[in-house]
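The values are calculated or read from the model by the stated rules, or taken from the named source; none is laboratory data. Keep in mind it's a predicted model, so treat the numbers as computed, not measured. Every residue, glycine among them, receives a Cβ derived from its backbone with ideal geometry; neighbour counts consider all protein chains shown.
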Amino acid sequence: MLVYEFIPNDTLFHHIHGKNQGTHISLSIRLRIAHESAEALAYLHFSASPPIFHGDVKSSNILFDQNYTAKVSDFGASILSPTNEAQFVTLVQGTCGYLDPEYIQTSQLTDKSDVYSFGVVLLELLTSKPVIDFDAQEEGRSLSSSFLFAMKEKTMQGLLDDNIKHENDMEIIMEVAKLAKKCLNMKGEERPTMKEVAEELDGIRKLKQHLWGQEHHPEEVESLLREASHGLEIEHTGYFSLENRA
């Protein structure tokens with residue numbers, strides 16, 4: 001008999017694309033979710049023995065436990081790290097919009113395939129847009145293509161979720177966007193590892209906290225921290241719980 005951890009608070013997909021469309025998810029929360037998910041994938045790639053390639057990283061496979069900690073789930077498409085070249089070739093599995101272009105071409109699932117898919121998840125966190133928009137013109141259906149075009153044309157602000165598009169946060173948001181662009185590199189060998197992604201997200205979170213601290217007087221910070229500490233005891237809804245886990 002297999003026993004699985006009970007995960008009661010739905011998926012990242014639900015919180016981003018559900019009826020609230022991410023309105024209650026602050027930038028700090030999105031950064032935390034990204035960092036926790038990246039660390040989980042880095043563990044699979046570097047600490048599991050043998051290493052594991054997930055193969056289907058997407059927002060609907062990132063779940064939240066009772067404390068709203070992000071958990072990577074659904075290993076139906078996963079493979080163990082191959083020990084020789086012949087083992088690399090697999091039947092292409094995964095989800096449209098998240099699939100690594102190299103994997104589609106070669107049928108070779110690698111750790112960098114997960115990095116590409118995670119880059120798409122970062123785009124969802126930044127934009128709250130679906131990865132494939134079937135109602136859009138053909139050139140704008142893919143979120144990753146729209147993002148790369150926006151980065152090239154320096155029109156990224158037009159893609160961002162209005163709920164996080166604040167002037168004081170643009171430096172942080174653009175750091176995440178640059179990281180997502182690295183993850184979406186067409187050449188897998190030029191993408192960062194998931195360990196590097198996790199480390200960079202950790203640095204971005206610390207930068208966000210540093211900039212936030214500079215914007216408040218010390219007494220205001222102390223008051224806000226007291227409120228946050230008190231709020232940790234509140235778990236009436238997902239709104240409060242997500243905010244308190246930022």
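Applying a threshold of 8 Å to beta carbon distances and a minimum spacing of six or more residues, or different chains, the list of pairs starting in the stretch 122-146 at a residue that is over 26 Å from Ile204 (Cα atoms) and ending at one that is in a helix (DSSP H, G or I) and at pLDDT 95 or above reads Ile132/Leu143; Asp133/Leu143; Glu139/Ser145; Gly140/Ser146. Taking every residue in the stretch 45-65 that is on the phi < 0 side of the Ramachandran plot and pairing it with any residue that is part of a strand (DSSP E or B) and small (Gly, Ala, Ser), at least 6 positions away or on another chain, the pairs with Cβ-Cβ distances below 6 Å are Ile62/Ala70. The number of residues in the stretch 49-69 being within 16 Å of the chain's Cα centre (by Cα) and assigned to a loop (DSSP other than H, G, I, E, B) comes to 7. Restricting attention to the stretch 170-211, the residues that are at pLDDT below 95 and buried (at least 17 other Cβ atoms within 10 Å of the Cβ) add up to 1.
Does Ala48 satisfy the criteria of being small (Gly, Ala, Ser), surrounded by fewer than 18 Cβ atoms within 10 Å (Cβ to Cβ) and either more than 19 Å from His15 (Cα to Cα) or modelled with pLDDT of 65 or more (or both)? Yes; evaluated as a whole, the condition is true for this residue. Could you list, in sequence order, the residues of the stretch 182-209 that are closer than 13 Å to Val115 by Cα and of a type in the set (A, V, I, L, M)? Within the stretch 182-209, Leu184, Met186, Met194, Val197, Ala198 meet the criteria.
Close contacts from the stretch 94-118, counting a first residue that is modelled with pLDDT of 95 or more and part of a helix (DSSP H, G or I) and a second that is surrounded by fewer than 20 Cβ atoms within 10 Å (Cβ to Cβ) and of a type in the set (A, V, I, L, M, F, W, C), with Cβ to Cβ under 7 Å and a gap of 6+ residues or different chains, come to Pro101/Met186.
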